[in-house]
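Novice: Sending over a structure as structure tokens; questions will come in a sec.
The values are calculated or read from the model by the stated rules, or taken from the named source; none is laboratory data. The structure presented is a predicted model; accordingly, all values stated were derived computationally and were not measured. All Cβ positions, glycine included, derive from the backbone under ideal geometry; neighbour counts span all protein chains shown. These area figures cover heavy atoms from the full protein model, side chains too; ligands, DNA and RNA do not enter into them. Shrake-Rupley method; radii C 1.70, N 1.55, O 1.52, S 1.80 Å.
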Amino acid sequence: MKVTLVQRNYTVADLEGNATLIEKSVHAAQAAGADLVVTSELALLGYPARDLLLQPAFISRSWEVLERLAGDLRGKPPVLVGIAEQNPVGEGRPLFNAGVLLKNGRISSRYHKCLLPTYDVFDEDRYFESGAVPEILELNGWKLGITICEDVWNDGDFWRRPRYHVDPVDLLSHAGARCVINLSASPFACGKQSVRESMLGKMAAKHSIPMLYVNQVGGNDDLVFDGRSCAFDAGGHLIAKGRGFEEDLVIVELDARRGPIEHIESEPEIPEEEVWNALVLGTRDYARKCGFQSVLLGLSGGIDSALTAAIAVEAVGAQNVMGVLMPSPYTSGESIEDAEQLAAKLGIRTQTIRISGLMRAFDESLAGAFQGLPRDLTEENIQARIRGNLLMALSNKHGALLLTTGNKSEMAVGYCTLYGDMSGGLAVISDVPKTMVYRLSHWFNRGGEIIPSRVMVKAPSAELRPKQTDQDSLPPYDLLDAVLERHIEKHQSTDEILRDEPNADVVRQIVRKVARAEFKRRQAAPGIKVTDQAFGTGWRMPIARKEWEFQEKAAEATR
């Protein structure tokens, strides 16, 4: 039996468009001799639909589209489609996260997701009722265990601490399943694919049954889905794999005696290539799905704006990117040269707007109100907000998406200005630590210098005052990023970090800055998630709170 895994780029709430993608895929699968076609999780709705799932009219309309799709596919191979199904029982959550089989022109059997994640970016218990038990689809003499995403992420032999008390794959194996199929919408994070493959392979070998996994591809809001749908034979060997960050159809042939016999080679990707592909895809889809044909950004001559511009060119094309130079009296000639050189090599248009006159106008307007007060961060922030206003004006006038250029290290500690450099519609590299910004830039230049070499080596600076550098306010970025990774991604406390990092004052300073910058991050443009813990839908810290670690230390000191 041939199973086709449909790896497509769905748009949230585009029911007609998503149905068309599925229908075209089924036609292609039929031409390849498929006996069963499988989409990704909630494919018809697009994932994640979030609170659209709370609108009954949206769910009803999706089933109307599904019924029409079933009729249009009469005479085609059976298709397992991801959709949200109403829960007819008078208690519990209103929906099931379901896979529905379309067969012979009608809606046939339904399969419900059992494990509902509520960690990181997931909040499925908000919408869905858990399926009672995983179920088996019998087709062409095969017993196929149907699972949905999280259902395969709870193997007690793979995870040191399983999140749930039941393992759907184990239940299906004991119920006689001869193959397990998983409809998934698993967001990208750097290095995650190796974990997926290791987990799926070990489960296949453990239960001696093939595992088929189909993943969504494309960007939706802050999430990127990397595809790379794959299949493992009963021995746990990877025998099929879809392309990463691109649409694909993966065909796996199940043989009654030998299991899957399809074999597709796939080259591993280095972290920089993975992250680059995710950022490009996320930027392209965010712009496209929000209706933008062009983008713009401020070009400072620094490495963050250089990398963001390079990503933008790859995402939407050089002809659709505009770089805006906004030099002040503190902007060095080198920075202007570097920005202009970068723009020329990328082939993008530029606009130069000098802000010296606007700075003077602000100084004059505020002179009375600020009389007797020293110059400080206030005036620096005004410069950033002048630039933000200019960029937003250009965005409005040209109908272009404004990309912000701040990195994760800056966002973490609040080294950014509200309504200034944070202004915009998409924060492209806001989940990329500064050290990774440098690594990505060097990787991007691997075929020849596009980002000027001087940008790579000069001291990072916002250039808001004479001879300013980032390290006037921040620790060196290698130290900062190491502490931030432990505190943000590994959720370690100050004391845990201090077991290995002797500079107690610096660590405490960093942790305090992270807490105090929460109000800024809450108002930031959405960013593209590429790490295990991004400042997006999966980060839910309170703004108004005590710094509990330091309060506790102070209390101990007085005892």
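Novice: Just the number please: accessible area per residue for the chain, 1.4 Å probe, all protein chains included, in Å².
Specialist: Averaged over the residues of the chain, the accessible area is 43 Å².
Novice: While we're on this one: Label residue 58 and residue 198 with points 7 Å out from Cα along Cα→Cβ: what is the distance between them in nm?
Specialist: Reported label-point gap for residue 58 and residue 198 is 3.6 nm.
Novice: Which pairs in the list 103/143; 76/289; 143/241; 192/490 are over 25 Å apart, alpha-carbon to alpha-carbon?
Specialist: With Cα atoms farther than 25 Å apart: 76/289.
Novice: For segment 127-240, with only Lys/Arg (+1) and Asp/Glu (-1) charged at the beta-carbon, what is the dipole magnitude about the Cα centre, in debye rounded to 20?
Specialist: Dipole about the Cα centre, nearest 20: 360 debye.
Novice: Turning to a different aspect of this structure: Segment 61-165: which trypsin sites (Lys or Arg not before Pro) are DSSP loop and have at most 14 other beta-carbon atoms within 10 angstrom?
Specialist: The qualifying sites are 74, 160, 163.
Novice: Take the solvent-accessible surface of the protein heavy atoms, probe 1.4 Å, and return the percent of it on the chain that carbon and sulfur atoms account for.
Specialist: Here carbon and sulfur together make up 50 percent of the probe-accessible area.
Novice: Want the number for residue 473 to residue 351: 0.36 nm per residue separation, take away the alpha-carbon distance, what's left?
Specialist: Extra length available between residue 473 and residue 351 comes to 40.9 nm.
Novice: Helix 271-289 sits at what angle to the longest principal axis of the chain, using alpha carbons and giving 0 to 90 degrees rounded to 10?
Specialist: 90
Novice: Hey, another quick one. Please compute the length gained on full extension between residue 165 and residue 67, using 0.36 nm multiplied by the number of residues separating them and subtracting their Cα-Cα distance.
Specialist: Computed gain between residue 165 and residue 67 is 31.7 nm.
Novice: Gap in Å between the Cα centre of segment 283-298 and the Cα centre of segment 1-66?
Specialist: A separation of 24 Å, based on Cα centres.
Novice: Give me the distance in nm between label points sitting 7 Å out from Cα along the Cα-to-Cβ direction at residue 369 and residue 293, one decimal.
Specialist: Taking the two extended label points, one gets 4.1 nm.
Novice: State whether segment 343-471 is rounded, prolate or oblate according to the following rule on the C-alpha gyration tensor (a ≥ b ≥ c being the square roots of its eigenvalues): a/c under 1.5 gives rounded; otherwise a/b larger than b/c gives prolate, and the remaining case gives oblate.
Specialist: prolate
Novice: A further question follows. In square angstrom, rounded to the nearest 10, how much accessible surface does residue 537 have for a 1.4 Å probe?
Specialist: Number for this one is 50 Å².
Novice: Further question on the same structure: If amide H atoms are built 1.01 Å from N in the plane of the peptide, which residues on other chains or at least 5 residues away come under 5 Å of the amide H of residue 35?
Specialist: Result for residue 35 returns 2, 3, 4.
Novice: Can you compute the charge dipole magnitude of the chain about its Cα centre, using +1 on each Lys and Arg Cβ and -1 on each Asp and Glu Cβ, nothing else charged? Give it in debye, rounded to the nearest 20.
Specialist: 640
Novice: Nearest 500 deg cm²/dmol is fine: what mean residue ellipticity at 222 nm does the chain get from its DSSP H runs of n ≥ 4 alone, each adding -39,500 (n - 2.57), divided by its residue count?
Specialist: -11000 deg cm²/dmol
Novice: Then there is this: Keeping all protein chains in place and using 1.4 angstrom, which order do 520, 529, 2, 345 fall into by accessible surface area, from largest down?
Specialist: 345, 2, 520, 529
Novice: Where Rh denotes the Kirkwood radius from the mean inverse Cα pair distance, what is Rg over Rh for segment 119-203?
Specialist: Rg/Rh for segment 119-203 comes to 0.96.
Novice: On to the next question. Less than 20 Å apart at the alpha-carbon level, and either on another chain or at least 8 residues along: which aspartates and glutamates does that give for residue 397?
Specialist: 421
Novice: Tell me which residues come under 5 Å, amide H to amide H, from residue 236 once H is placed; ignore anything under 5 positions away on its chain.
Specialist: Answer set, sorted by chain and number: 205.
Novice: Hey, another quick one. Compute the distance from the alpha-carbon center of segment 198-255 to that of segment 316-371, in whole Å.
Specialist: What the calculation gives is 47 Å, centre to centre.
Novice: With all distinct Cα pairs included, what does the Kirkwood hydrodynamic radius of segment 266-362 come out to in Å, to one decimal, could you say?
Specialist: Taking the inverse mean of 1/r over all distinct Cα pairs, segment 266-362 comes out at 14.6 Å.
Novice: Here is a follow-up. Between the helical axis of 377-398 and the dominant principal axis of the chain, each derived from Cα atoms, what acute angle in degrees is found, rounded to the nearest 10?
Specialist: Taking Cα atoms only, the helix is inclined about 50 degrees.
Novice: What's the FRET efficiency of residue 493 with residue 104 using the Cβ-Cβ distance as r and R₀ = 60 Å, to the nearest 0.05?
Specialist: Approximately 0.55, to the nearest 0.05.
Novice: Return, ordered by residue number, the residues of segment 126-144 whose backbone nitrogen is under 12 Å from a label point located 7 Å along Cα→Cβ of residue 518.
Specialist: none
Novice: Please arrange 496, 340, 197 by accessible surface area, largest first, computed with a 1.4 Å probe and ligands excluded.
Specialist: Highest to lowest solvent-accessible surface, that is 340, 496, 197.
Novice: Would you mind counting up the charge near residue 435? Only other residues with Cβ under 12 Å from its Cβ, with Lys and Arg at +1 and Asp and Glu at -1.
Specialist: -1
Novice: Report the local net charge at residue 91: Lys and Arg +1, Asp and Glu -1, summed over other residues whose C-beta lies under 15 Å from its C-beta.
Specialist: Local charge sum for residue 91: -1.
Novice: Mind listing the phi-derived Karplus ³J(HN,Hα) values for segment 222-228, rounded to whole Hz, using 6.51, -1.76 and 1.60 with θ = phi - 60°, and x for any glycine or proline?
Specialist: 7, 9, 10, 10, 9, x, 6
Novice: Just to confirm the number: angle between the C-alpha axis of helix 434-444 and the first principal axis of the chain, 0 to 90 degrees, nearest 10?
Specialist: 70
Novice: On a full-extension model of 0.36 nm per residue, what is the gain between residue 454 and residue 132, subtracting their alpha-carbon distance, rounded to one decimal in nm?
Specialist: My answer for the length gained is 109.9 nm.
Novice: For the chain, what proportion of DSSP beta bridges, expressed in % and rounded to the nearest 5, is antiparallel?
Specialist: Restricted to the chain, the bridges split so that about 55 percent are antiparallel.
Novice: Next question, about the same structure. Per-residue HN-Hα couplings for segment 345-360, Karplus 6.51 cos²θ - 1.76 cosθ + 1.60 at θ = phi - 60°, whole Hz, x for Gly and Pro?
Specialist: 6, 7, x, 9, 6, 10, 9, 10, 10, 7, 10, 4, x, 5, 4, 5
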